[in-house]
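Visitor: I'd like to ask you about the structure that follows.
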Amino acid sequence: MKFVRLFAILTMLSIGAYQSMGAAPTAFPETIEGKIPTPAVVRIFAPDDKTESRSSGTGTLVSPVYVVTAAHVVGEKGSAVEVLFHPSWDVVTGKVIELSRTEGDKGYDVALIQLDKPRSETPMPLGTKATLGGLSIRGYSHGPYTEQTGTYFTLDTTSRWGLIRGAQARNGDSGGPVVQNGKLVGILWGSIPDQTWFTPIEHVYKVLPQLGKEPPKKEDDAKTAPRQYSL
């Protein structure tokens, strides 16, 4: 019961950000406190036609065409999003092709975006499981890129959520990566003072089976075989 109450509080404090439609993306400094933005960490904008606003959050490029983020950053499955890359400043459109939302004690706050055009940036490698100890969180919040280090704790070995102490995700960091040994090991979704909560990568695999795989080629993308002639 205590965990359910805590989860409700954390859900209220989920770290997505909202802004009016048409607002220009905030400029990203080249470095923040000596940190150079990781090209695989991207900014996501998801229009909301009902409220005439758009949510913004962070995501991670995990293949030339796939970006993972938190479900509460984007709309429903099939909805359109815009993904902003740094330092190229390219804005690429994409579509939510899979997601899982948290409902009580079921589901996970994760989503998968497929970009309309492949990217040349180096994707972030996927881990298999976070281990207890040091790791980092990364995100753009309302614009500035930051990296914070903390220590990974968990409630038990079967916990659906990971807890990081010593690092607090900011408003707009939702969907950003939890990184350990250079690999993606979780997706941020909420925070309270001096603590950040995330979905461990082993649970992300359960609801996003496309991870680690390339999408099927469209028929119009397939090369036409040359016509064969016989004498």
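Visitor: Checking Ser88 against (1) surrounded by fewer than 21 Cβ atoms within 10 Å (Cβ to Cβ); (2) part of a loop (DSSP other than H, G, I, E, B); (3) hydroxyl-bearing (Ser, Thr, Tyr); (4) under 15 Å from the mean Cα position of the chain (by Cα), which test does it fail?
Guide: (4)
Visitor: Return yes or no: is Glu98 acidic (Asp, Glu) and part of a loop (DSSP other than H, G, I, E, B)?
Guide: no
Visitor: How about segment 95-143: which of its residues are within 28 Å of Arg165 (Cβ to Cβ), basic (Lys, Arg) and in contact (Cβ under 8 Å) with a residue 12 or more places away in the chain?
Guide: Scanning segment 95-143 gives Arg101, Lys129, Arg138.
Visitor: Checking the condition in contact with a His (Cβ under 8 Å, 6 or more places away or on another chain), assigned to a loop (DSSP other than H, G, I, E, B) and modelled with pLDDT under 90, which residue from Gly172, Gly143 passes?
Guide: Gly172
Visitor: Yes or no: segment 156-179 includes at least one residue that is surrounded by 21 or more Cβ atoms within 10 Å (Cβ to Cβ), on the phi > 0 side of the Ramachandran plot and not aliphatic (A, V, I, L, M).
Guide: Yes, segment 156-179 has at least one match.
Visitor: In segment 107-119, is there at least one residue being over 14 Å from Leu61 (Cα atoms) and more than 15 Å from the chain's Cα centre (by Cα)?
Guide: Yes, segment 107-119 contains at least one residue that is over 14 Å from Leu61 (Cα atoms) and more than 15 Å from the chain's Cα centre (by Cα).
Visitor: If you don't mind, another one. Could we say that Ser191 is small (Gly, Ala, Ser) and under 18 Å from Thr58 (Cα atoms) here?
Guide: Criteria met by Ser191.
The values are calculated or read from the model by the stated rules, or taken from the named source; none is laboratory data. All values reported here derive from a predicted model rather than from experimental measurement. Positions of Cβ are generated from backbone atoms using ideal geometry, with glycine treated the same way; all protein chains shown enter the neighbour counts.
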